[in-house]
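Before any comments, here is the structure.
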Amino acid sequence: MTKKITIAIDGHSSTGKSTVAKQLAKKLGYIYVDTGAMYRAVTLYAMRKVIVTNEKVDEEALLRHLAFISVKFKFDEDLGYGVVHINNENVEEEIRLMEVSNNVSKVAAIPQVREMLVAQQQEIGKEGGVVMDGRDIGTVVFPDAELKLFMTASAEKRAERRYNELKEKGNDVSYEEVLKNVQKRDHLDSTRETSPLIKADDAIEIDNSDLSKEEQFEKILSLVKEKTDA
């Protein structure tokens, strides 16, 4: 019987971490957890409460609200994976808006927010058979994961993908605005004091600047098979 492992996927924003994680989870019959969606959900909550305004966070106010924030994933049969809910409300679409993207790195940098969500992530994945993507999965959440991947691509290529995705959903954004957001998030994610975005020593780097989704999936699936069939 093929053993079930923990797959940790880290990397920069808009590198397709969630896409390949969903593919792997579906193929392997694993639980999929989009940790970035969890931070986006908390950010959306804070924006609704006007705790986050103009990319500034009232940390004291947010900390007072943490006890009232419940972030969970509920399986969507049509999509084939769990979608994020905050206080039992499906916010999967709303958390992808540009306004949330502009604020999420600052919220994610708050130690108490990370502590709360990391505990939830570890609880979800403690039995293995999970694919989890984010910024600190292989370094903080699951440092002993059997397979760690670090995904990257040029900022320009990532911005192009994100721009096309937003336009397809009807969002009125410019490529320059998206590129600026990608570069800003890279800087914030890599320089924050708590759990900065870094490549784990034993992570395998995947540069998908010139890979199709199919090529990327097959490459990663072969890495999974090496671990599970060993």
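Enumerate by residue number the trypsin sites (Lys or Arg not before Pro) in region 105-145 meeting two conditions: DSSP loop (anything except H, G, I, E, B), and at most 13 other Cβ atoms within 10 Å of the site's Cβ.
Passing both the DSSP loop test and the Cβ count: 126.
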Number of Lys pairs in region 131-202 closer than 24 Å at Cα, excluding neighbours under 8 places apart unless interchain, is 13
Accessible area in square angstrom per residue, the chain, 1.4 angstrom probe: 50
Considering only the chain, percent of DSSP beta bridges that pair antiparallel, nearest 5: 35
0 to 90° range, to nearest 10: angle between helix 35-48 axis and the chain longest Cα axis: 10
The chain - percent of accessible surface contributed by carbon and sulfur, probe 1.4 Å: 47
Structure-based [θ]222 nm, the chain - -39500 (n - 2.57) summed over DSSP H runs of at least 4, per residue, nearest 500: -14500 deg cm²/dmol
Rounded to the nearest 10, the angle in degrees between the Cα long axis of helix 17-28 and the longest principal axis of the Cα atoms of the chain comes to 40
Find the lysine pairs in region 1-113 meeting two conditions, Cα atoms under 21 Å apart and a separation of 8 or more places or different chains, and report how many there are. 20
Degrees between helix 111-124 axis and first principal axis of the chain (Cα, 0 to 90, nearest 10): 40
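The values are calculated or read from the model by the stated rules, or taken from the named source; none is laboratory data. None of the values given here were measured: they were computed from a predicted structure. Using ideal geometry, Cβ is built from the backbone for each residue, glycine included, and neighbour counts are taken over all protein chains shown. The accessibility values were calculated without ligands, DNA or RNA, using every heavy atom of the protein model including side chains. Shrake-Rupley method; radii C 1.70, N 1.55, O 1.52, S 1.80 Å.
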